[in-house]
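Below: the structure, in structure tokens.
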Amino acid sequence: MNEQPLFKDGVVGDRMNRVDGRLKVTGAAQYSAEYQLPGLVHGFLVGSTIAKGRIKSIDTKAAERAPGVLAVITHVNSIKVPGFANRSQPDEPPTAGQPLRVFHDEKILFNDQPIAIVVADTLERARYAAGLVKTQYEADQHATNFNAHMDRAKVPAQAKKNPKSPQADHDRGQVDGYKTAPVKLEMEYVIPTEMHNPMELQSIIAHWEAPDKLTVYDKVQAVKGTQRAFAKDWGIPEQNVKVIATFVGGAFGNGLHNWPHETAAIIAAKTVNRPVKLVLTREQMFTMVGYRPYTWQRIGIGATPDGKLVGITHEATGQTSTYEDFTESTVQQTRMMYQSPNISTRYRILPLDISTPIWMRGPGEATGAFALESAMDELAHALNLDPMEFRLRNYTDTDPDNGKPWSTKYLKECYQMGAERIGWKNRQMQPGTNKQGDWLVGYGMGVGTFGANRGSAKAGARMLANGTVVLQSATTDIGPGTGTVMVQLAADALGMPPEKVRFELGNSLFPDAPSQGGSATVNTVGSAVVAACAALKEKLYQLAGSTFSAAKPADIVIKGTQLSLANNASAKVAYADLIKQNNGQEVAVVTESKPGNERQKYSMYSFSVHFVEVHVHQLTGEVRVKKMVACADAGTIVNHKTAGNQMLGGAVGGIGMALTEGAMIDDRFGRYVTKDLADYHVPVHADAPAIEVAFVDKPDLIVDPMGTKGIGEIAIIGAAPAIANAVFNATGKRIRELPITPDKLI
Amino acid sequence: MNQFQYVRPSKPKAAIDARAKDQNSQFIAGGTNLLDLMKRGVMNPERLIDISRLPLDKLERENNTFRIGSMALNATVADDKQVLEKLPLLAQALNAGASAQLRNMATIGGNMLQRTRCPYFYDTALPCNKREPGSGCGALEGYNRMHAIFGFSDKCIAVHPSDMSVALVALDATVLVSGPKGDRRIPFGELHRLPGDMPQKDTTLEPGELITAVEVPEGPFTKNVHYLKVRERASYAFALVSVAAALQLENNIIKDARLAMGGVAHKPWRLTEAEKSLVGKPATEATFQAAAAIAMQGAKAFKHNAYKLKLGPNAIVQALKNATNVA
Ligand SMILES: Cc1cc2nc3c(=O)[nH]c(=O)nc-3n(C[C@H](O)[C@H](O)[C@H](O)COP(=O)(O)OP(=O)(O)OC[C@H]3O[C@@H](n4cnc5c(N)ncnc54)[C@H](O)[C@@H]3O)c2cc1C
Ligand code: SF4
């Protein structure tokens, strides 16, 4: 395999500051709710107060009469969305079923379902009037309690159709082969519902520029997917829908689905014939835009006394809504993470009267890793083996699920780097024996993996007359620093300083790119950017005609507005002349870049290991993460600063998952009772210790030409079990239901 | 949020008059609690009387007594040198509350009158006797993880969320109020009430009464004090249970003791019997454990807060240990 990175002596790998950093810290960056449009008015959503049933009557008179109100829209008077008639899930998320059709009929499918939108000249007036809408319901018996309705769990539709689907039951070797092992354990694990709470609230401005021409400034992760969905909804050509998401204040997956509030705003804008802005409240973020589903898991695991795995059975059931099948990859990693002759996986979904979940960072894998990596720790303890040593004894150099070689796998390097940095040698084999004053000290580790995915994408490159190259692609940047790393990749691909390169994204009119999700943006869009840069050079080469004909396009050196050759500086041409050659047009290309057949030959994954040291107070049960080391094998690191940021954020997310986060429903009402940031605890700064990040930083040139593999998801996968394992090491208490709050430890 | 009028009187008397004139008015100080409640439709005053700029923000010290104006900010008091030296327990409790941003806005008067964080109280779609008398107590059979283990009634099992108040009740503070009927002084322990049959009434204040100041005697509790707050994250969370402990020691013998708990009742919960049990004893873990056992007498838990029966005494012991450096 080619170990030679594509980029030598360039800026790839540098800790380059974000190209939009200044815009963000000065407030100049415009987020979707911040566009000032003439005539803009404000919407506010009214949510249902029952979980299931029908609206008997809805009295909007008082709201309509309230000052400043332009319209109150409900299922009674809403204009009909043409695509609702036979709306099934569009191209985006993997869900089967029918997305909620807002204001379509009187049915209530979950608590706080949007049932009306009030449009007024100010936000305050819209909000006030929303409080005046009076609704009578006919309630049905709802089901929101997961445990009480476990018997309703079902095989997801796509697994029923296709037994080869990743969601289908799977057995390698003997069914439940772990049972034959001399040492075996069976455990159940639960993670509660975790809520998406990015800093930026979900928001949209919907603007009908003409009766068949829609522009939305929308907080989404897929501008193209959103464009397609709304075009279908409204029966208008795709190019008539413009979706702008230049800046996104964190999304973590909740912008991967188009939600009812977006269509509510579009309906409202059409009704009042003015641009309508709709920003969800923090409480509405808990019910209207997806979440990490409550998931029950059971693991059976067995090994020989010398620590060779005999089998693992991993079962999981995740909740979904009654109207969409949301599925995720909760059990798949168990098939490929460790060498084991017998593997069985089972995945079910449990429809409840709640809104539809959506991927949340490291989606199913993070959930699954909590069970698998906890179970590995439990079995290591039962075998009296160091948990890292136990993992090493079951290390695999090929993918045990399909026998293919890994494209690259540097997980052992991660173990070693992490163990050194955390001081793994200080870990006591006997739990509860390491004390510092009133605190018990423990160490833990957890492994994470996520597919190194690459899709197809297009990118455009245009060289301006002043020598700047502008690249465009309809991807988004939900925070990882996509724009910055694309500039770095393009700068090196062009051999230009990054200051002379610009990258534009977040606009559906740009060349097609997939959603930002699944840790695949650098692999996918980066490949397209690199290809576009090569194509641009190729075109310049052709336009230069005989001047460069002795060399190759790649040898072209661009300095300001002068082009020359790397090995022959005297062969040069002014860019202005090439523009003349190009009929007076700036030179521009659009290219598409696709993966090849590498997936048929290789298994491709990123890997991470989290190591943590925790202190647990003996009397109060408080857990403090004292130190965390996050190591990743993620291929080429294009920017150590932004990549490091990803790892830090993921680690803090892992602290939340392990110790603080969990949304509670009161099943009597089918309604969340923890729905603000005072009751739903995300970690605060004081919860985050010093976190050290270490990358293997070796390219994987099978995944893509840059050698990248993806970071966003592995940054969190495995972090929560690392903490849970450390808590066990500190206290001897195994907490199998997250979050690990003080009450569970005293 | 409803529409409201807004006035900002410049004298306390004018504020009291304005409030007396309008049943549906409310004082607003820092607004960090009231505005949240208004946005959620829990409180719907038609008139806000902004008292934040009344000249009631002074911090004075006279005759071994601190007099802290009700409009003094939480942050100002917590950082005051004299408070840190003479009333360290109060400073610790203040700093354990909320976040720096909130403490910069919140006033001393507003802090003691902040309303419960019971989630049913906050959601107008759910039953709550405190918000809507007679609608039922949602928490009683519901999600009552944060709720009371002392002094509750079958009408309401909410807890008072203030950290500062736990220290003030331990330190024998006195609340100074002015109202339509004149001025009066309320011992801090009598400011908040138990829910009984009227959970909608948090305090013993008469309608329209304005808190002008709180007086705190200096006392001997300058050294062996600790405010322990057990919460679900390291900062910026309400207490599962908190303990204010203050001891006066002489040769490791406890001469005088103050002990109170937060997060356990509808009011800051002073533990007088436990205090008595400490006096005259050596400051040892065994002494502390005995006091903790006395403190917990009569505690009763609900479905989701049984952990408090164990966390409570543990926290008392730990707070006393921290106050005395008993290992
Ligand atoms: C996210 C969050 C976390 C928090 N965490 C904590 C915590 O951990 N611990 C803690 O103790 N607190 C916490 N708080 C609460 C905070 O301490 C209170 O909101 C604050 O102290 C209230 O003070 P204020 O001046 O803003 O009151 P306001 O909101 O202005 O008023 C509160 C109430 O008191 C009345 N009032 C105010 N002043 C007077 C007066 N002088 N006389 C008569 N009536 C008056 C008002 O009419 C109103 O009903 C938190 C708050 C938030 C939002
Ligand atoms: S505990 Fe009190 S505040 Fe909470 S629901 Fe019951 S009555 Fe309301």
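Every read-out reported here was derived from the displayed coordinates using simple, explicitly stated rules and does not represent laboratory data. Since we're looking at a predicted model, the values are computed, not measured. For neighbour counting, all protein chains shown are included, and Cβ atoms are generated from backbone atoms with ideal geometry for every residue, glycine included.
At R0 = 60 Å, how high is the FRET efficiency between B:GLU218 and A:LEU464 if r is their beta carbon distance? Nearest 0.05 is fine.
Step by step, r from the Cβ atoms, then E = 0.25.
List every residue whose amide H lies under 5 Å from the amide H of A:VAL11, counting only residues 5 or more places away in sequence or on a different chain, with H placed 1.01 Å from N in the peptide plane.
Amide H neighbours of A:VAL11, under 5 Å, 5+ apart: A:ASP492.
Using DSSP to define loop residues, name the trypsin sites (Lys or Arg not before Pro) in segment B:177-231 whose beta-carbon has at most 11 other beta-carbon atoms within 10 Å.
When the trypsin sites (Lys or Arg not before Pro) of segment B:177-231 are filtered for loop state and at most 11 Cβ neighbours within 10 Å, B:LYS181 remain.
For segment B:218-249 and segment A:99-177, compute the distance between their C-alpha centroids and round to whole Å.
Centre-to-centre distance over Cα atoms comes out at 44 Å.
Taking the DSSP beta bridges in chain A as the whole, what percent of them are antiparallel, to the nearest 5?
Counting only bridges with both partners in chain A, antiparallel ones make up about 75 percent.
Take each uninterrupted DSSP H stretch in chain A, measure its Cα extent along the helix axis, and return the ones at 27 Å or beyond whose mean Kyte-Doolittle hydropathy is at least 0.0.
The qualifying helices are A:363-382.
Principal axis extents for the protein assembly as shown, Cα atoms only, whole Å, descending order, please.
Answer, in whole Å and largest first: 99, 74, 61 Å.
Tell me which trypsin sites (Lys or Arg not before Pro) from segment A:135-209 have a DSSP coil assignment and no more than 14 other beta carbons within 10 Å of their own.
For trypsin sites (Lys or Arg not before Pro) across segment A:135-209 that sit outside H, G, I, E and B with at most 14 neighbouring Cβ atoms in 10 Å, the list reads A:LYS164.
Using helices alone, I'd like the mean residue ellipticity at 222 nm for chain A: each DSSP H run of four-plus residues gives -39500 (n - 2.57), total over residue count, nearest 500.
Helix-only estimate at 222 nm: -6500 deg cm²/dmol.
Give, as ranges by residue number, the residues of segment A:638-682 whose backbone N falls under 16 Å from the point 7 Å along Cα→Cβ of A:ASN147.
Hits in segment A:638-682 for A:ASN147 at 16 Å: A:663-668.
Apply the Karplus parameterisation 6.51 cos²θ - 1.76 cosθ + 1.60, with θ equal to phi minus 60°, to every residue of segment A:45-60 and state each ³J(HN,Hα) to the nearest whole Hz, in sequence, with x for glycine and proline.
8, 9, x, 5, 10, 10, 9, 7, x, 9, 7, 7, 8, 9, 9, 10
Can you spot the aspartates and glutamates whose alpha carbon is less than 18 Å from A:LYS107's alpha carbon? Ignore those fewer than 8 places along the same chain.
Of all the aspartates and glutamates, those that pass the test against A:LYS107 - Cα under 18 Å, at least 8 places apart if same chain - are A:ASP59, A:GLU138, A:ASP140, A:GLU324, A:ASP353.
How long is the gain from B:THR272 to B:GLN3 if the chain were fully straight, where each residue apart is worth 0.36 nm and the alpha carbon distance is subtracted?
Answer, rounded to one decimal: 92.3 nm.
Determine which residues of segment A:17-61 fall in the zone a paramagnetic label at A:GLN136 would reach in this model, i.e. backbone nitrogen under 15 Å from the point 7 Å along Cα→Cβ.
A:54-61
Under unit Cβ charges (Lys, Arg +1; Asp, Glu -1), what dipole magnitude, rounded to 20 debye, does segment A:305-440 have relative to its Cα centre?
In debye, rounded to 20, segment A:305-440 gives about 400.
If you average the sequence gap of Cα pairs under 8 Å that are 6 or more apart and divide by the length of segment B:224-324, what percent do you get for the contact order?
Taking the mean separation of contacting Cα pairs over the length of segment B:224-324, I get 29 percent.
Nearest 0.05, what FRET efficiency do A:ASN240 and A:GLU598 give at R0 = 35 Å with Cβ-Cβ as r?
About 0.40, to the nearest 0.05.
Using Stokes-Einstein with the Kirkwood hydrodynamic radius over Cα pairs, what translational diffusion coefficient do you get for chain B at 20 °C and a viscosity of 1.002 mPa s, in µm²/s rounded to a whole number?
107
Kindly point out, ordered by number, any Cys in the protein assembly as shown whose beta-carbon has no other cysteine beta-carbon under 4.7 Å away.
A:CYS533, B:CYS118, B:CYS128, B:CYS137, B:CYS156 - these cysteines have no disulfide-compatible partner (Cβ-Cβ under 4.7 Å) in the protein assembly as shown.
Please list, ordered by chain and number, the residues whose modelled amide H lies under 5 Å from the amide H of A:ASN434; skip anything fewer than 5 residues away on the same chain.
Answer set, sorted by chain and number: A:VAL441.
Considering the dipole of segment A:598-737 built from charges on the beta carbon (Lys and Arg +1, Asp and Glu -1) around the Cα centre, which of A:VAL682, A:ALA715, A:ALA726 is farthest to its positive end?
Result: A:ALA726.
Give the cross-link partners of A:LYS179 among the lysines, using a straight C-alpha distance below 21 Å as the criterion and excluding same-chain residues fewer than 8 apart.
The qualifying lysines are A:LYS308.
In whole Å, what is the distance between the alpha-carbon centres of segment A:190-212 and segment A:500-533?
Cα centres, segment A:190-212 to segment A:500-533: 22 Å.
Please work out the Cα center distance from segment B:20-93 to segment B:186-216, rounded to the nearest Å.
14
Taking only the C-alpha atoms, wrap a convex hull around segment A:553-695 and report its volume per residue in Å³ as a whole number.
So the per-residue hull volume is 297 Å³.
For A:ASP20, A:ASP325, what's the fewest-to-most ordering of other Cβ within 10 Å of each Cβ?
Least crowded to most crowded, the residues run A:ASP20, A:ASP325.
On a 0 to 90 degree scale, rounded to 10, what angle separates helix B:12-21 from the longest Cα axis of chain B?
60
Need one number: nm distance between label points at B:GLN297 and B:GLU132, each 7 Å from Cα along Cα→Cβ, rounded to one decimal.
4.2
As a footprinting exposure proxy, order A:THR396, A:THR642 by other Cβ within 10 Å, with the fewest listed first.
Going from sparsest to densest Cβ surroundings: A:THR396, A:THR642.
So for segment A:653-698, what percent of the C-alpha to C-alpha distances run longer than 16 Å?
55
Taking chain B as the reference, fit the longest principal axis to its C-alpha atoms, fit the long axis of helix B:285-295 to the helix C-alpha atoms, and give the angle between the two in degrees, 0 to 90, nearest 10.
For helix B:285-295, the angle is close to 40 degrees.
About its Cα centre, what dipole magnitude does segment B:5-53 give when the only charges are +1 on Lys and Arg Cβ and -1 on Asp and Glu Cβ, stated in debye to the nearest 20?
It works out to roughly 140 debye.
Using the C-alpha atoms of segment A:455-594, what convex hull volume per residue, in cubic angstrom, is computed?
96
Tell me the relative contact order for chain A as a rounded percent, counting alpha carbon contacts under 8 Å between residues six or more apart.
That works out to 17 percent.
Where does segment A:219-269 land on the Kirkwood hydrodynamic radius, alpha-carbon pairs, in angstrom?
For segment A:219-269, the Kirkwood estimate is 11.4 Å.
Could you check the simple spin-label distance between A:LYS24 and B:ASP17, using points 7 Å along Cα→Cβ, in nm with one decimal?
5.5
Using amide H atoms built 1.01 Å from N in the peptide plane, name the residues 5+ places from A:ALA452, or on other chains, whose amide H lies under 5 Å from its own.
A:MET604, A:TYR605, A:SER606
For segment B:314-327, in order, what is each residue's ³J(HN,Hα) by Karplus, 6.51 cos²θ - 1.76 cosθ + 1.60 with θ = phi - 60°, in whole Hz (x at glycine and Pro)?
My calculation for segment B:314-327 gives 4, 5, 4, 4, 5, 4, 5, 4, 5, 5, 10, 6, 6, 6 Hz in order.
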